[in-house]
Amino acid sequence: MAILELEEAKIPMTLERETNPWEAQAARFDLAAKKLNLDQGIWKVLRYPAREIIVHIPIAMDDGTIEVFTGYRVQHSIARGPAKGGIRYSPDVSLDEVRALASWMTWKCAVVNIPFGGAKGGVICDPKKMSQGELERMTRRYTAELIEFIGPEKDVPAPDMGTNEQTMAWIMDTYSMHMRQTVTSVVTGKPVNIGGSRGRREATGRGIAVVCDQALKALGMMVEGCRVIVQGFGNVGSNAAKILFDKGYTVIGITEFDGALENKDGLDIGALLLHRQKAGTINGFSGGKAVDKDELITWPCEILIPAATENVITSKNAARLQCKILCEGANGPTTIVADDILEAKGVFVIPDILANAGGVTTSYFEWVQDRMGYFWTEAEVNQRLERIMVDSFEDVVSYAKSHNVNNRIAAYMLAIDRVAYTTKQRGIYA
Ligand code: NAD
């Protein structure tokens, strides 16, 4: 049932409903579609994923036993090009989560105007508790089960939480063995020596830094003295923190799942990265003071970057946030109830489907380079990425002004309008 229908039926907004990612996506979609006065038929077409695949994959574990893992691949739309989206390995993966993430990919690719649809995949597993051999066997079998559904012109996976360059290398190799030829463009986020793009690893963080710069310009603020707090020091959070630190921002706080650090004069992010590399955790870093991780994100700062996971800004803590800008590195960090609270507080939100789109934009560059067989320098990649992020920020912010809506709804409206236009132009094959 759609959120709007639930609202009309007066079903109360419980925390469970508030934090269901599919409902969160659908609520924003419905709101934006309503504002766009979207044709009812197109509304129905774009509201639901085009295809949902569930696989149960048997894996021989290192101890000789057989374990069966459940995996998903959801393709939300191929209207504007091949489906595109990451694969997540986590114990919390659910079909609703993968559906939501697949839809967000469609909107994200449309916001930055790259020729892809949206997809997402996931396997319910705990990669931290599995050996490399088990992970490799699981990845290869998952790929084999999806063999006729993925491909450079069909659906192009990439890394997400719990997966990395190595996972993509296994997928590329498995797909290539089945095709009897090397097909590098079947996945992005690969190691550079087997068709990966320079700059891909840092791309999401770099895109975040670009939109932070643009937000400061739009709000008449300065980099000097701009305090930043980052939640999550993984791929997105650590790269965003490092690039912002290098640009002269003052990163006063970093949180991780097992602790948090603050330094009002600014954390030395280069030194913190080295510490984490050696110690395996941010805890114990001499350049910062340990603080409560849930409290730190509510501290006064100019920019808060949630870059860990979904549903971290909810009705429970949104009113206590003291940032001026919320730049969403993670997908779906803010619930729909928190949206209203932040809007009332006047927080300038750079929504996830814009803020973290640097990753998929550079994945697009990787796919282009693989198909050309000609690779760009890192400077070329970064320059092209910056241009797309600056233009997309400008598109969203001016759309918000001209339609008198907040930045998130503007990003959705812009994206839905683009996908709806293509869908109408192609027509419905029925
Ligand atoms: P990652 O696994 O590399 O990093 C996530 C980090 O967050 C980890 O270090 C983890 O320990 C930490 N973390 C987990 N729970 C936390 C909590 N409650 N508080 C603080 N820290 C916590 O994953 P990633 O690739 O950096 O992705 C992070 C988010 O960004 C996800 O929502 C992902 O979907 C999104 N995203 C990633 C990319 C990309 O290119 N990697 C692109 C777009 C969006």
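The values are calculated or read from the model by the stated rules, or taken from the named source; none is laboratory data. Please read these numbers as outputs of a predicted model, since none were measured by experiment. Ideal geometry is used to build each Cβ from the backbone, glycine not excepted, and the neighbour counts take in all protein chains shown. Just so you know, the surface numbers come from the protein's heavy atoms only, side chains and all, with ligands and any DNA or RNA stripped out. Shrake-Rupley method; radii C 1.70, N 1.55, O 1.52, S 1.80 Å.
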Restricting attention to the range 183-219, the residues that are more than 10 Å from the ligand (Cβ to nearest atom), surrounded by fewer than 21 Cβ atoms within 10 Å (Cβ to Cβ) and among the charged types (D, E, K, R) number exactly 3
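Looking at T182, T163, T167, which one is within 17 Å of K84 (Cβ to Cβ) and assigned to a loop (DSSP other than H, G, I, E, B)?
Values: T182 fails: within 17 Å of K84 (Cβ to Cβ); T167 fails: assigned to a loop (DSSP other than H, G, I, E, B).
Going through T182, T163, T167 in turn, just one is within 17 Å of K84 (Cβ to Cβ) and assigned to a loop (DSSP other than H, G, I, E, B): T163.
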When (1) open to solvent by 10 Å² or more (accessible area, probe 1.4 Å); (2) away from the ligand (no atom under 11 Å from the Cβ); (3) assigned by TED's automatic domain parsing to the domain that holds L321 are applied to Q231, the one that fails is (2)
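How about the range 293-411: which strands (runs of 3 or more DSSP E) wholly inside it have at least 2 residues that are within 21 Å of A32 (Cβ to Cβ) and open to solvent by less than 50 Å² (accessible area, probe 1.4 Å)? First the steps, then the outcome.
Working: elements: 300-306, 322-327, 348-350.
Result: 322-327, 348-350.
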Exactly one of A318, A355 is touching a strand residue (DSSP E or B) at 6+ places or on another chain (Cβ under 9 Å), without any contact (Cβ under 8 Å) to a residue 60 or more places away in the chain and not β-branched (V, I, T), and that residue is A318
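Can A119 be described as buried (at least 24 other Cβ atoms within 10 Å of the Cβ) and within 15 Å of the ligand (Cβ to nearest atom)?
Numbers: buried (at least 24 other Cβ atoms within 10 Å of the Cβ): yes; within 15 Å of the ligand (Cβ to nearest atom): yes.
So A119 fits the description; yes.
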Taking the conditions exactly as written (more than 16 Å from the ligand (Cβ to nearest atom), over 30 Å from Y412 (Cβ atoms) and modelled with pLDDT of 95 or more), does M138 satisfy them or not? yes
Quick count over the range 234-261, residues being part of a loop (DSSP other than H, G, I, E, B) and more than 16 Å from the ligand (Cβ to nearest atom), is 2
Contact list, first residue from the range 75-87 and over 16 Å from I53 (Cα atoms) and within 16 Å of the ligand (Cβ to nearest atom), second anywhere and open to solvent by 10 Å² or more (accessible area, probe 1.4 Å) and at pLDDT 95 or above, beta-carbon distance below 9 Å, six or more apart or interchain, is none
